[in-house]
1. Against the definition (surrounded by 17 or more Cβ atoms within 10 Å (Cβ to Cβ), modelled with pLDDT of 85 or more and farther than 29 Å from Arg97 by Cβ), how does Leu212 come out, yes or no?
2. Among the residues in region 387-402, are any polar (S, T, N, Q) and exposed (fewer than 13 other Cβ atoms within 10 Å of the Cβ)?
3. When region 181-209 is examined, which residues are found to be on the phi > 0 side of the Ramachandran plot and either touching a Lys or Arg at 6+ places or on another chain (Cβ under 6 Å) or surrounded by 15 or more Cβ atoms within 10 Å (Cβ to Cβ) (or both)?
4. Output the qualifying pairs, or none if there are none: Cβ atoms under 7 angstrom, residues six or more apart or on different chains, first residue in region 92-117 and in the same structural domain as Tyr147 (by TED's automatic domain parsing), second residue surrounded by 15 or more Cβ atoms within 10 Å (Cβ to Cβ) and modelled with pLDDT under 70.
5. List, please: which pairs have Cβ atoms under 6 Å, are six or more places apart or on different chains, and start with a residue in region 369-397 that is free of Cβ contacts under 8 Å to residues at least 60 places away in the same chain and part of a helix (DSSP H, G or I) and end with one that is of a type in the set (S, T, N, Q) and crowded, with 16+ Cβ neighbours inside 10 Å?
6. Mind checking whether some residue in region 230-240 is of a type outside the set (S, T, N, Q), crowded, with 19+ Cβ neighbours inside 10 Å and assigned to a loop (DSSP other than H, G, I, E, B)?
Amino acid sequence: MHMRPRLRGGLSPARYDQRIMPINLQRPNRLLVPKPCGFLQLDQPECSRPFRRPDGCWTRLIAPVSLAVFLFTQPIPARVGETIFAFRNYSRPKPERMILVGEIQNKTKMPELKNRESPFLGYDSRLDQVTVKILDRRGLKVGQKLYVIDKDPFHNQFRDGLIVGEIEVVSILNSPFYGWVLTGKGIMLRVRKGHFVARTLETERLERAYILKKKGDHFRERGAFKEALRSYNEALIADRTLPEANAALGDLYLEMDQGSRRATPERSLAAFERAWRSRVNFKYDFDALHFYEQYARTLLLQYELRQLESSREDHLERYLEQVLAVANAARRVAGHDHWPDLLEAQARFQRYQLLASERNAAERRQRDEDYERCGQILKAALDQGQSSADLAHIGILYYYAMLVKGGRQTKADQDRRERLHRVLARLVRDYNRHFARRQRDPRVDQIIRDLESNP
């Protein structure tokens, strides 16, 4: 009779089948048998060894191979300044070299309002609008023309692409979701999400134009007007729509004309008008505010000079209307500065005097509106305790006109005249202080003499 062997430790082989046996990792063919003071190693028959994969099994290579295949099949992110070659069509063999700007993220339709008499009523004439995630911000500005390219996303291997559309940059902003993005509009029937946007190499001259403008500022501060004029013109050759260069050129012309006693600032206004048309491209608000102030003052100077030599039929109010537009644009950037309001008050008071004849009901309503709005601006400035040359100048003209306009019969008229005299006395003191070393207005000097002679 075959006897089942007893093992050291008092356990029989049948007991091993009823528990999980740990394996010795150094010697896989031996089991570790628990015992009171540790484990007992037991040789295991070949037929009863547990299954174990060999160390060099091919399954261990699946993860790294899959990772390598995933990485090498993904498009490599484009670098800043990535160059691509864009073709107008398949039949034209000569491509245009461009710089990659970004990738289109979505495409929508722009809103459009039509009246009932429009010939396009019932037709979808809306422009397409796209949002582009920007890769390279250099050389971008509002109003710029960009090109939509259909190409392979592997930019480091495939640089050729086909131009499928054109867009005009509407805005450039920092989105919390995409980062820096731009919005563009145009007719883009063949454009879809995933297409790329590029700019021509001509936009590389934008940075050079700004450097040339700074060089012109350096010459102007030194008094070298000819060198400054040359630098500004070179900057405009590089980028004719650079607002900083046009604004600086207008300032330079204005300074040169004042030195030579030129009749009217025609050259300055021409440069300022070019800067006004591209005002959205100012890099810094400080430069934009300085331009707005200089442009508005030059328009007022032009109006005063033309008023002395021209008749009413020359449409002089266009200068004043432009001053109001400049003041509104400056108010959006100026913040708590009050000089845009004072420029508006000057323009409205000048138009109030220009429309004194009141040819029709529309001019009468416009004259009353200008008079009321000018008074509101001046009263708010005086109540806040402001003191400036502009406030003193326009305040004396306005409140003296109000003083002459009012009556003297009733007690209310006398009280009103006393208040106006007190306001005018304050404004005259401010005017004498601010214009002690500046050119004075003959009209204001005459008013001051009349107030002194008729208190």
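1. Values: surrounded by 17 or more Cβ atoms within 10 Å (Cβ to Cβ): yes; modelled with pLDDT of 85 or more: yes; farther than 29 Å from Arg97 by Cβ: no.
So Leu212 does not fit the description; no.
2. Residues of region 387-402 that are polar (S, T, N, Q), as a first pass: 387-388.
Next, from what is left, pick out any that are exposed (fewer than 13 other Cβ atoms within 10 Å of the Cβ): none.
Taking every residue of region 387-402 in turn, none turns out to be polar (S, T, N, Q) and exposed (fewer than 13 other Cβ atoms within 10 Å of the Cβ).
3. The first filter runs over region 181-209 and keeps only residues on the phi > 0 side of the Ramachandran plot, leaving 186, 194.
Within region 181-209, just Gly186 meets the criteria.
4. Every condition considered, the pairs that remain are Leu100/Ala78.
5. From residues that are free of Cβ contacts under 8 Å to residues at least 60 places away in the same chain and part of a helix (DSSP H, G or I), the pairs are Ile394/Gln346.
6. yes
The values are calculated or read from the model by the stated rules, or taken from the named source; none is laboratory data. These numbers come from a predicted model, not from an experiment. Heads up, the Cβs are rebuilt from the backbone with ideal geometry, glycines too, and the neighbour counts pull from every protein chain shown.
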